[in-house]
Amino acid sequence: MIHCLRWTVFLWIVNSIPFTSGMTVNERIDHTCPPIKLEENWHTNVNIHREFTGFDLAEKFLLRKGTVTDNRLLLRLGSKPLFKPTESVFPNGLSHEYSIIATFRLRKTTKKDRWFVLQIFDKGGDTQASLIVDGAKKTVEFLAQGFLKNSLLYVFKNRDLHALFDRQFHKLGVSVESNAVSIYLDCKLIERQVTAERSGMNVSGRTFITTRVEDGRPVDIELQEILIFCDARIADLDRCCDSPGVTCEPVVTHNPTAAPLVTGYLHRMLSMPSQLPTDRCHCPALKVKLNHEDIF
């Protein structure tokens, strides 16, 4: 009887090891995403007073602060291609789920440009992930790499996105989940598309920001911020409290440590119709030609 009991305990421990190890690895990967320094108003924006993790791409790319316009401190993009080795931007990689937040205003001469907010290449020059703003078509595109190294393209062309091109400041938010991508404009959910499974990110390549598709040079925009949060929910939780004329009252919940993370998301998703991924393609990996042969 004792022998059987010991054998049962032994088998339970052995069967528990993979699960325990998996949890440990996942937690370690999550914790390698560094804390991100933000202005205090970001805590008001999302109604959460906790440490955020992610990447301030303006800081990573050493963008200098420039002029103040409409009480906004803008960033200097310069004239040279803005790229860095991916391992210097995301030393431990990028979490599989994340949010991209960029606040900017298009100029008259560039409102019809097609440009990358963010583009991450692998070592071979194939796009692993990118976010594209297309002024001519008034669309936003998200491209990711699938497990078979194929490109997964999702095009968002909701008419509510047209406001992004009116030459006023707007906040573009993107929530990248394991099986969906959602686009937000000024903290309003515009469209959500179901996605296929994506591959993990290789840090051996290059990462670009705010570059024109045509020639790889910086797009002429007025950029206030460009952030990546290691949490797909931040784009949904953002309330744009720092926008002119917007005031936010504290959201009272019975469980302030957990409820704010899901309340806004569930409310918005239940109130909108499901969006089918009508503009999804499973096509060969996309490569973009740039004028600088020494980039790769």
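The values are calculated or read from the model by the stated rules, or taken from the named source; none is laboratory data. Bear in mind the structure is a predicted one, so any value in this text is a computation, not a measurement. Every residue, glycine as well, gets a Cβ built from its backbone with ideal geometry; the counts of neighbours run over all protein chains shown. Heads up: the accessible areas ignore ligands, DNA and RNA and are worked out on the full protein's heavy atoms, side chains in. Shrake-Rupley method; radii C 1.70, N 1.55, O 1.52, S 1.80 Å.
Odds and ends about this structure:
- Within the range 152-169, residues that are among the hydroxyl-bearing types (Ser, Thr, Tyr) sit with their Cβ atoms under 8 Å from residues that are part of a loop (DSSP other than H, G, I, E, B), at 6+ positions apart or across chains, in these pairs: Tyr154/Thr195; Tyr154/Pro277; Tyr154/Asp279; Tyr154/Arg280.
- Tally, over the range 193-219, of residues that are under 15 Å from the mean Cα position of the chain (by Cα) and surrounded by 21 or more Cβ atoms within 10 Å (Cβ to Cβ): 4
- Selection count, the range 125-151, where residues are in contact (Cβ under 8 Å) with a residue 24 or more places away in the chain and not in a strand (DSSP E or B): 7
- For Tyr184: the one exception among (1) touching a helix residue (DSSP H, G or I) at 6+ places or on another chain (Cβ under 9 Å); (2) without any contact (Cβ under 8 Å) to a residue 40 or more places away in the chain: (2)
- Among the residues examined, Asp113 does not qualify as touching a Pro at 6+ places or on another chain (Cβ under 9 Å), more than 21 Å from Phe229 (Cα to Cα), among the acidic types (Asp, Glu) and in contact (Cβ under 8 Å) with a residue 40 or more places away in the chain.
- Failed item, numbered, when Leu73 is tested on (1) surrounded by 22 or more Cβ atoms within 10 Å (Cβ to Cβ); (2) in a strand (DSSP E or B): (1)
- Matching residues, the range 167-206, being of a type in the set (Asp, Glu) and at pLDDT 95 or above: Glu177, Asp186, Glu191
- Any chance Glu27 is open to solvent by 10 Å² or more (accessible area, probe 1.4 Å), over 14 Å from the mean Cα position of the chain (by Cα), acidic (Asp, Glu) and at pLDDT below 95: yes
- Count of the range 140-174 residues which are touching an Asp or Glu at 6+ places or on another chain (Cβ under 6 Å) and aliphatic (A, V, I, L, M): 1
- Among the residues of the range 34-54, not a single one is open to solvent by 20 Å² or more (accessible area, probe 1.4 Å) and over 26 Å from Cys240 (Cβ atoms).
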